[in-house]
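Encoded as structure tokens, the structure appears first; notes follow it.
The values are calculated or read from the model by the stated rules, or taken from the named source; none is laboratory data. Quick caveat: nothing in here was measured; it's all calculated off a predicted structure. Please note: Cβ atoms are built from the backbone with ideal geometry, for glycine as well, and neighbour counts cover all protein chains shown. Protein only, heavy atoms only, side chains kept; ligands, DNA and RNA dropped before computing areas. Shrake-Rupley method; radii C 1.70, N 1.55, O 1.52, S 1.80 Å.
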Number of protein chains: 2
Amino acid sequence: MKRKITLKQIARELGVSISTVSKSLKDSDEISTDTKQKVKAFAKLYNYRPNNIALSLKNRRTKNIGVVIPDIVHHFFTTVFRGIEKYANQHGYNVVVCVSDESYEKEVFNMELLANGSIDGFIMSVSAETQQKNDFSHLKEVMEQGFPLVLFDRVIDEIECDKVIMNDEEIAYQATAKMIAEGRKKIALVTTESYFNVSEKRAEGYKRALKEHGVDYDEKLTLVLPFKGVEESYIEDFVENKNFDGVLCVNEIFAVLLMATTQKKGIRVPEDVSVIGFTDGLLSRYSSPTLTTVAQHGEKMGEMAAEMLIEKLENEIGFHEEEDYRTEIIKATLIERGSTINT
Amino acid sequence: MKRKITLKQIARELGVSISTVSKSLKDSDEISTDTKQKVKAFAKLYNYRPNNIALSLKNRRTKNIGVVIPDIVHHFFTTVFRGIEKYANQHGYNVVVCVSDESYEKEVFNMELLANGSIDGFIMSVSAETQQKNDFSHLKEVMEQGFPLVLFDRVIDEIECDKVIMNDEEIAYQATAKMIAEGRKKIALVTTESYFNVSEKRAEGYKRALKEHGVDYDEKLTLVLPFKGVEESYIEDFVENKNFDGVLCVNEIFAVLLMATTQKKGIRVPEDVSVIGFTDGLLSRYSSPTLTTVAQHGEKMGEMAAEMLIEKLENEIGFHEEEDYRTEIIKATLIERGSTINT
DNA sequence: TATCAACACGAAACCGTTTTCGTAGTTTTT
DNA sequence: AAAAACTACGAAAACGGTTTCGTGTTGATA
């Protein structure tokens, strides 16, 4: 087991001071070419690499980004994460991930932990419980301590910081409008409980599309499913008792479940009913029929979030200008597949 | 913006030395009860938390675990990651993730970066390219530097370290045997190119099951699909030209694609052909019919890997005993769903 | 020859902790 | 009353770097 070599050891071996070694490796012109070459050769031979921890302590920056997300076994979040990791890595940052598991307590705990020097800034999407409780003091806290924060997807209006969101309302409008254009008259909405602001936005877009196209909104055509533990009977009842010829689902699971149920009852997709979902994951691509769905471009969101955070981090060096927080909107796109009638 | 308070500041405010503050907070009996109380009260008031970086430098341990995986937008890897993160968090460790993206170069680069002090040990699954190249010097390197290493799933026989694997051969045997028990006589195998040792193991189990049950092995019934970019025609040709009544697929995507193709051709699942896949992800659960599949229990694998790593990390403190490397096998289980005929 | 700048390097502070060791001042022992 | 033992605290080293500033040695300039 060979430990990593340090400046001190190189200095001792070469009979020079630590400063000389450090400067040589940085190619400082305070040091003679001769000495520099000796030091560099020696360092190369022993594969010297500066210790990140020491650098972090000295520079007061870790080159680590903290990512706090509600879930990791989840297509959207993993795509966002991939974008973050990719961009961060390209710019010399590492990523430490904490999963809040939709729990307020874990979220707070993890952020406090990370804020004790492990990271330079946060990228996060708040947990469901946090949204419910409406308590964001931990976010304010880290911001007051000087940590840049970028929120994505599940953002908080009350918190002033950089944000990356989707055009949920608009894309839901487009999806609904598309079904209306197909000639659908009774379009249902399958959504989750409403404390998720994204679900709310999607519902708004859905309603606006109906209204602007002169289609009556019937609240009985909205099915609200619980966040976890969806019973198949909920959907069966809905399909049995309601009469619809188009459905907008706020995620792909609901969409696939719904398609399976209608098909079982002999209702054909897309001939009898059009189905559009959200999240362009495996399910959408491999279901039968393949699912027309809203691609959220999570990777782009992640890259954008990382870019915004890193920009803040690197500029913090300069003088502290007035806070200018941006909200970037990553446009979702509708991917037309087999569950709708496409032109 | 209030910066975090340090020992030095507390010391100055209270007119005592840094050592006294440090000792007081650790409740050392070198310090008078009176002084301790004062210090503690002050520290609490200002919400003092020791700086992780300084601690890391001092203790020469970061309480960070490095996880290097080929992909993150992948059900199996995310479940493993969830297990790692969960166990690590419960034991006071943070997790920094690097995605190798199946690239040898990125894998090497990331590991070198992490090895410069950012983490205490590695948990990883090697990239496809690394397996192909058969070059593991970077793994040996980090081990020589004293970093404990735990490999999971895609492990390397040549490297001596802790490992967590699945009983791939056995479960493939069981899956195949199950189809034979259903009365299937011509069982196909859909697999990936063979440099993945897991695919190989699965193929072995498949062959052994055929052999031990007196079913002839026909190599024409094996379809090898490329790692990326599967053309639908490959599968269509296979379904068209081969005659089989059961299929074992090494992942759920292949299984779902195959089911879609057979169904399109009027071949019913499971009446005419049984299908079994690997990876109990969303696809398996929501396909039509639902897919009988091998659940890999990734979360357990992750927990086990984290447990093994952390045990090594905590015991390293003691004297350096003889290396005792374990290989833990997490047993996969067959989940019977609608794509097979179950008893 | 005295002065001065350039050169090449080292000492030391600093980042924020922990911990060993030393030492005043007080109390106990003999 | 002198020696020994506590008590309560501080100084300083250490972790591994970076960086400012100082300094001895040159060679050139006046």
- Note on the structure: Within the under-11-Å Cβ sphere about residue A:303, not counting residue A:303, Lys/Arg +1 and Asp/Glu -1 give a net charge of -1
- The rounded separation in angstrom of the Cα centers of segment B:237-304 and segment A:84-123 is 37 Å
- Item | P(r) of the protein assembly as shown over all Cα-Cα pairs, binned every 10 Å from zero, in whole percent | 3, 13, 21, 23, 20, 11, 6, 3, 0
- Item | segment B:1-88: chymotrypsin sites (Phe, Trp or Tyr not before Pro) in DSSP coil with no more than 15 other Cβ atoms inside 10 Å | B:46
- Note on the structure: Scoring only Lys, Arg, Asp and Glu (+1, +1, -1, -1) among other residues with Cβ under 9 Å from the Cβ of residue A:104 yields -3
- Antiparallel bridges, percent of DSSP beta bridges restricted to segment B:195-343 (to nearest 5): 35 percent
- Message: If you roll a 1.4 angstrom probe over the protein chains with everything in place, what fraction of the accessible area of segment B:7-50 belongs to carbon and sulfur, to the nearest %?
- Response: 48 percent
- the protein assembly as shown: antiparallel DSSP beta bridges as a percent of all, rounded to 5: 10 percent
- Rounded to a whole %, the carbon-and-sulfur portion of the accessible area of segment B:83-162 at a 1.4 Å probe is 45 percent
- Query: In segment B:7-50, what is the volume of the convex hull around the alpha carbon atoms, normalised per residue and reported in Å³?
  - Reply: 59 Å³
- Of A:178/A:331; A:228/A:312; A:36/A:58, those spanning more than 26 Å from alpha-carbon to alpha-carbon: A:228/A:312
- Task: Please work out the C-alpha center-to-center distance from segment B:125-167 to segment A:180-207 and express it in whole Å.
- Result: 48 Å
- Query: Of B:306, B:172, B:128, which is the most mobile in a GNM of chain B whose springs link Cα atoms less than 10 angstrom apart?
  - Reply: B:128
- hull vol. (C-alpha, convex hull) per residue for chain B, Å³ -> 185 Å³
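Taking GluC sites (Glu not before Pro) as exposed when DSSP calls them loop (any state but H, G, I, E, B) and at most 11 other Cβ atoms lie within 10 Å, what is the longest stretch of chain B free of them, the sites themselves excluded?
Maximal segment without exposed cleavage sites: B:31-157.
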- Which parts of segment B:1-40, residue by residue, lose 20 Å² or more of accessible area when the rest of the protein chains are there, as against the chain isolated (1.4 Å probe)? B:1, B:2, B:3, B:4
- Note on the structure: Ranked by GNM mean-square fluctuation in chain B (Cα springs under 10 Å), the top entry among B:201, B:86, B:36 is B:36
- Distant-in-sequence amide H partners of residue B:121 (H built 1.01 Å from N, under 5 Å): B:66
- Message: Summing both sides, how much accessible area is buried between A and B? Use a 1.4 Å probe and give Å² to the nearest 100.
- Response: 4700 Å²
- Task: Give the angle, between 0 and 90 degrees and rounded to the nearest 10, that separates the Cα long axis of helix A:298-315 from the longest principal axis of the Cα atoms of chain A.
- Result: 40 degrees
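If you stretched the chain out fully between residue A:33 and residue A:236, how much longer would it get, using 0.36 nm times the residue separation minus the C-alpha to C-alpha distance?
In short, 65.1 nm is gained.
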- Message: Net charge within 10 Å of residue B:287 by Cβ-Cβ distance, Lys/Arg positive one each and Asp/Glu negative one each, not counting residue B:287 itself?
- Response: +1
- Query: What is the pair-distance distribution P(r) of segment B:268-317, computed from all Cα-Cα distances in 5 Å bins starting at 0, with each bin given as a whole percent?
  - Reply: 5, 18, 17, 13, 11, 8, 8, 8, 6, 4, 2, 1, 0
- Query: According to the Kirkwood expression over distinct Cα-Cα pairs, how big is the hydrodynamic radius of segment A:97-242, in Å?
  - Reply: 17.5 Å
- Note on the structure: From the cross-link list A:133/B:300; A:186/B:264; A:106/B:63; A:4/B:63; A:86/B:140; A:140/B:8, the entries with a Cα-Cα span beyond 24 Å are A:133/B:300; A:186/B:264; A:86/B:140; A:140/B:8
- Item | segment A:127-169: trypsin sites (Lys or Arg not before Pro) falling in loop per DSSP and having at most 13 other Cβ within 10 Å | none
- With one decimal in nm and the nearest listed first, the spacings from residue A:40 to its own position in the other copies, using label points 7 Å along Cα-to-Cβ, are 5.7
- Relative to the first principal axis of the alpha-carbon coordinates of chain B, what is the inclination of helix B:75-90, with its axis defined by its Cα atoms, in degrees from 0 to 90 and to the nearest 10? 30 degrees
- Message: At 1.4 Å probe radius, can you tell me the per residue accessible area of chain B in Å²?
- Response: 47 Å²
- Item | Fluctuation leader among B:207, B:312, B:228 - chain B, Gaussian network, Cα springs under 10 angstrom | B:228
- Task: Shortest first and in nm with one decimal, please list how far the residue B:233 label point sits from its counterparts in the other copies (point 7 Å along Cα→Cβ).
- Result: 5.0
- Item | Relative contact order (percent, whole number), segment B:7-50, Cα cutoff 8 Å, 6+ residue spacing | 31 percent
- Query: Counting only Cβ atoms, what residue of chain B lies nearest to the axis that sends chain B onto chain A, and how many whole Å off?
  - Reply: B:96, 2
- For residue B:134, place a label point 7 Å out from Cα along the Cα→Cβ vector, do the same in each other copy, and report the separations in nm, one decimal, smallest first. 6.5
- Calculated from DSSP helices alone, with each H run of at least 4 adding -39500 (n - 2.57) and the total divided by the residues of chain B, [θ]222 nm to the nearest 500 comes to -13500 deg cm²/dmol
- Identify all lysines with a Cα-Cα distance to residue B:185 below 21 Å; exclude those on the same chain that are fewer than 8 residues away in sequence. B:207, B:211, B:220, B:242, B:265
